[in-house]
Amino acid sequence: MLSNEIRDKFIAFFEKRGHKIIPSTSLVPDKDFFESSDKHELLFVNSGMQPLSPYLMGKAHPEGKRLVNIQKCVRTQDIDEVGDNTHDTFFEMMGNWSLGDYFKEDAIKWSYEFLTSKEEGLGLDKDRLYITCFAGNESAPKDIESAELWEKAGIPKERIYFLESNWWSPGENGPCGPDTEMFYDITSDGLGNLTLEEYLQADQKQQVVEIWNDVFMEYERKDGKVIGKLKQKNVDTGSGLERVAMAVQGKDNIFDTDLFKEAYQLLINLPLDEKAKRIILDHMRTSVFLIADGVKPSNKDRGYILRRLMRRAARYTSQLGETSQVLTFLASFFAEKYKNIYSNLLTSDQIIKEEVLKEEQKFRKTLERGLKEFEKGVDPFILATTYGFPIELTEELAKEKGIHIDREEFDRKMYEHQKLSQTSSAGMFKGGLANHNEKTVKLHTAHHLLLAALQEVVNPDIKQKGSNITEERLRMDFLCDHKLTDEEKNKIEDWVNDRISEGLNVIRKEMPLTEAEKIGAQMEFGAKYPDIVSVYFIEDKNGNAVSKEFCGGPHVSNTKELGHFKIQKEEAVAQGVRRIKGILE
Ligand code: SER
C-alpha cells in the first residue's frame with residue numbers, strides 16, 4: 001500500500017464516522033491560532049494539535065465536533081536523530097479529533113480498527129502491536145480505562161504497558177492529558193510477548209516503532225503545572241504517515257518507503273554514506289515545504305533554521321565540488337512529488353528552485369575552504385562570519401573529531417561582531433554574512449585593492465573613511481586633499497588590474513588587535529574593533545602583502561576571479577573627503 005492510499009484511507013475511515021475534513025495549515029504558525037496558549041513563540045507547527053488549540057480549550061469549531069486532518073509538521077528538535085531509521089524533521093501527521101464529543105472508547109476502538117482492518121484500514125498484524133498507557137502521577141490517575149479498552153479490542157494484557165511518560169502537552173500552557181501510544185514490531189521474525197523491560201529495550205533498538213498516539217485531552221496546564229480539567233473532554237490523535245508507511249510496507253526505515261525511495265535512488269551512485277544520504281533527503285524535503293510556506297533562508301529565526309538545514313545537507317555533499325547542484329535537483333524533485341497533495345508546492349516550485357539554487361551556490365563557494373580552515377584549527381567565529389558555517393554545523397564537525405567548542409566564547413564574539421557591524425553600518429561595509437553574493441564578494445576584494453592603489457599611486461597616508469558595496473558597484477570615501485587627476489585615475493586602474501592579472505592569493509588571518517595594528521593593517525578611520533580581529537592579506541608571489549586590511553570578509557580566494565576594474569566616478573563628498581565609485585567588468 002502506497003502513501004497516497006494510506007492518506008486516502010485514513011481520511012475516508014474517519015469521514016465515514018462523522019468527521020469533517022479540514023486542511024493542513026501552513027508550517028508557519030498563525031498567531032491567531034495560539035491566542036489561548038503560549039505557542040505564538042513557536043517557530044513551526046510541530047504537531048496536529050497546535051492549530052486546533054483554541055478549539056480544544058472550548059471555542060466552537062465551524063466544522064463541528066469531529067474533525068480529521070493531515071497536518072504538515074516540522075520538528076527540528078529531532079535534527080540530531082535524523083539518519084536513524086525513524087526520525088525526520090518534516091512529517092505529515094494524520095489525526096482524528098473529538099472536540100468535546102466522543103472519548104476513550106471510540107478513539108481506541110477506531111484506532112485499532114483502522115490499524116488492523118483489511119477492508120477499511122491498513123491491515124496490519126495485530127500480533128505485532130504493543131500499547132502503552134499512562135501510569136499515573138500527582139496530576140492525574142493511572143489510565144486503567146484505556147488499558148481495558150485495548151484488551152476488549154483484542155490486545156493481550158502482556159503487550160500493554162503503563163508508563164509515566166504517556167502524557168502529552170504542547171508546552172507550558174494549554175490543553176494536555178494522558179495518552180495511549182501504539183507501537184508496531186518491524187522485525188522480520190516478530191518479537192512476541194515482551195516483559196516491560198524487554199519492550200523498552202526493543203523500543204530503544206527501534207525494533208518497535210511508535211505509529212500512533214491518542215491523547216485524551218481533558219486537563220489544562222499553566223506555567224508547566226496541571227491546574228485542573230478543561231470545559232470539555234477532547235481526543236487528539238496523531239499518526240505519522242512516514243512511520244505508518246514503514247509498518248505497512250514492511251520496511252525497517254522510513255527512507256525505504258515510497259515517500260523517499262525514488263529520491264534515494266537519485267543519490268544512489270554518489271559517493272556518500274548511508275547516513276549522509278538520509279540526512280540530505282530529509283533536510284531537502286523539509287526545506288522544500290518551508291520555502292513553499294514562505295520561509296526564506298536568512299540569519300534569523302525561521303530563515304536560520306532553513307539555512308541550517310540546507311547548509312548541513314550541503315556539507316554532506318561537499319566532496320561533489322563547488323558546482324554541484326544536487327540539492328537544487330532534489331528540491332525540484334520533492335516539489336514535483338508532493339505537488340498533488342500540497343498545491344502550494346505547485347505554485348511555488350519556481351521560488352523553491354531559485355531559493356535553493358541561490359543558497360546552494362552561495363554556500364558551496366566557501367564550503368570547501370571553510371572545511372580546510374576547520375582542519376587547520378577550529379574557530380567557529382571565523383567559520384561563521386567568513387565561510388557561512390552555522391554554529392551548529394561547526395559543533396557537529398567538532399564533535400565528530402572529539403573537539404570541544406566553547407559556545408559562550410562564540411556567542412560573545414558574535415555579539416561583538418554584530419555590534420561592530422551596527423557601529424560601522426552607517427555608510428560602511430558590513431562584515432559577516434548578510435547580503436553577500438558573488439558580485440558583492442568580488443567588489444569587496446576590489447575595494448581592498450583600490451585602497452592599496454590609492455596609497456601606492458596618490459599618497460601612502462590615504463585613509464579610508466567609509467565604504468558601501470552593492471551588487472553593481474563599490475563606493476569608497478577616503479581622506480584626500482585634492483581632486484584626482486586623470487593620470488592618477490588611470491594609474492590607479494592599471495595598478496588594480498595588474499594585481500588582478502597576477503592572480504594573487506587572498507588570505508585571512510586572525511590576530512590580536514595590537515598585533516594587527518603593529519603590522520600596519522588598514523583600519524576604517526574612526527571604527528572600533530574587538531580584541532581579536534580578522535585581517536585579510538593579498539600577497540604577491542614572494543609572499544609580500546600588497547594589501548592588508550582589518551575585515552570580516554568574505555573575499556574571493558584569488559584576485560584573478562575579479563575581472564576588469566574601472567573607476568566610474570570620482571567626486572568630493574565633504575571638505576577633504578573624496579569618493580570613488582568603481583565597477584568590475
Ligand atoms: N499531539 C499528539 C502528538 O503529536 C497526538 O496528535 O503526538
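If Ser98 meets every condition in (1) open to solvent by less than 10 Å² (accessible area, probe 1.4 Å); (2) away from the ligand (no atom under 14 Å from the Cβ) apart from one, which number is that one?
(2)
Collect the residues in region 111-151 that are open to solvent by 70 Å² or more (accessible area, probe 1.4 Å) and more than 26 Å from Ile11 (Cβ to Cβ), keeping them in residue-number order.
Those that are open to solvent by 70 Å² or more (accessible area, probe 1.4 Å) and more than 26 Å from Ile11 (Cβ to Cβ): Asp127, Glu138, Pro141, Lys142, Ile144, Glu145, Glu148, Glu151.
For region 556-585: of the residues being under 30 Å from His482 (Cβ atoms) and part of a loop (DSSP other than H, G, I, E, B), which is least open to solvent (accessible area, probe 1.4 Å)?
Only one residue fits best here, namely Leu562.
Hey, among the residues in region 162-191 that are part of a loop (DSSP other than H, G, I, E, B) and within 13 Å of the ligand (Cβ to nearest atom), which one's farthest from Lys251 (Cα to Cα)?
Of everything passing the filter in region 162-191, Gly171 is farthest from Lys251 (Cα to Cα).
Which residue, of Asp258, Asp293, Asp349, Asp273, is under 26 Å from Glu400 (Cα atoms) and either of a type in the set (Asp, Glu) or not assigned by TED's automatic domain parsing to the domain that holds Ala384 (or both)?
Asp273
Can you name the residue in region 176-213 that is under 29 Å from the mean Cα position of the chain (by Cα) and charged (D, E, K, R) and, of all such residues, is farthest from Met94 (Cα to Cα)?
Lys205
List the residue pairs whose Cβ atoms are under 7 Å apart, where the first residue sits in region 89-103 and is on the phi > 0 side of the Ramachandran plot, the second is more than 14 Å from the ligand (Cβ to nearest atom) and assigned to a strand (DSSP E or B), and the two are 6 or more positions apart or on different chains.
Gly100/Gln232; Gly100/Lys233
Of the residues Ile70, Ile108, which single one is open to solvent by 20 Å² or more (accessible area, probe 1.4 Å), under 28 Å from Ser146 (Cα atoms), modelled with pLDDT of 95 or more and β-branched (Val, Ile, Thr)?
Only one candidate passes the filter, namely Ile70.
Return yes or no: is Ser348 in contact (Cβ under 8 Å) with a residue 40 or more places away in the chain, more than 21 Å from Ser557 (Cα to Cα) and over 16 Å from the mean Cα position of the chain (by Cα)?
Judged against the criteria, Ser348 is a match.
Report yes if Val226 is assigned to a strand (DSSP E or B) and surrounded by 20 or more Cβ atoms within 10 Å (Cβ to Cβ), otherwise no.
Judged against the criteria, Val226 is not a match.
I'm told Glu148 meets every condition in (1) touching a residue at least 12 places away in the same chain (Cβ under 8 Å); (2) farther than 30 Å from Ala60 by Cβ except one. Can you identify the failing condition by its number?
Of (1) touching a residue at least 12 places away in the same chain (Cβ under 8 Å); (2) farther than 30 Å from Ala60 by Cβ, only one is false for Glu148: (1).
On the basis of being in a strand (DSSP E or B) and under 18 Å from His564 (Cβ atoms), does Val496 make the cut?
No, not satisfied.
Could you say which residue among Phe289, Phe216 is aromatic (Phe, Trp, Tyr), within 16 Å of the ligand (Cβ to nearest atom) and either open to solvent by less than 10 Å² (accessible area, probe 1.4 Å) or farther than 30 Å from Tyr184 by Cβ (or both)?
On inspection, the qualifying residue turns out to be Phe216.
Given the criterion surrounded by 15 or more Cβ atoms within 10 Å (Cβ to Cβ), within 16 Å of the ligand (Cβ to nearest atom) and under 23 Å from the mean Cα position of the chain (by Cα), identify the matching residue among Arg243, Arg278.
Among Arg243, Arg278, only Arg243 is surrounded by 15 or more Cβ atoms within 10 Å (Cβ to Cβ), within 16 Å of the ligand (Cβ to nearest atom) and under 23 Å from the mean Cα position of the chain (by Cα).
Can you pull out every residue in region 46-69 that is within 15 Å of the ligand (Cβ to nearest atom) and among the hydrophobic types (A, V, I, L, M, F, W, C)?
Met49, Leu52, Leu56, Met57, Leu67, Val68
Anything in region 145-161 that is more than 15 Å from the ligand (Cβ to nearest atom) and of a type outside the set (Asp, Glu)? List them, or say none.
Matches in region 145-161: Ala147, Leu149, Trp150, Lys152, Ala153, Gly154, Ile155, Pro156, Lys157, Arg159, Ile160, Tyr161.
When you check Tyr536 against the structure, is it among the aromatic types (Phe, Trp, Tyr), in a loop (DSSP other than H, G, I, E, B) and surrounded by 12 or more Cβ atoms within 10 Å (Cβ to Cβ), yes or no?
no
Out of everything in region 229-272 that is assigned to a strand (DSSP E or B) and among the small types (Gly, Ala, Ser), what residue ends up being nearest to Val215 (Cα to Cα)?
Step by step, filter region 229-272, then rank; the result is Gly238.
Given (1) more than 35 Å from the chain's Cα centre (by Cα); (2) loosely packed, with under 14 Cβ neighbours inside 10 Å, identify the lone condition not met by Thr470.
For Thr470, the failing item is (1).
If we scan region 201-209, do we find a residue that is within 15 Å of the ligand (Cβ to nearest atom), assigned by TED's automatic domain parsing to the domain that holds Val248 and either open to solvent by 30 Å² or more (accessible area, probe 1.4 Å) or assigned to a strand (DSSP E or B) (or both)?
yes
The values are calculated or read from the model by the stated rules, or taken from the named source; none is laboratory data. None of these values were measured; they are calculated from a predicted model. Positions of Cβ are generated from backbone atoms using ideal geometry, with glycine treated the same way; all protein chains shown enter the neighbour counts. With ligands, DNA and RNA removed, areas are computed over all heavy atoms of the protein, side chains included. Shrake-Rupley method; radii C 1.70, N 1.55, O 1.52, S 1.80 Å.
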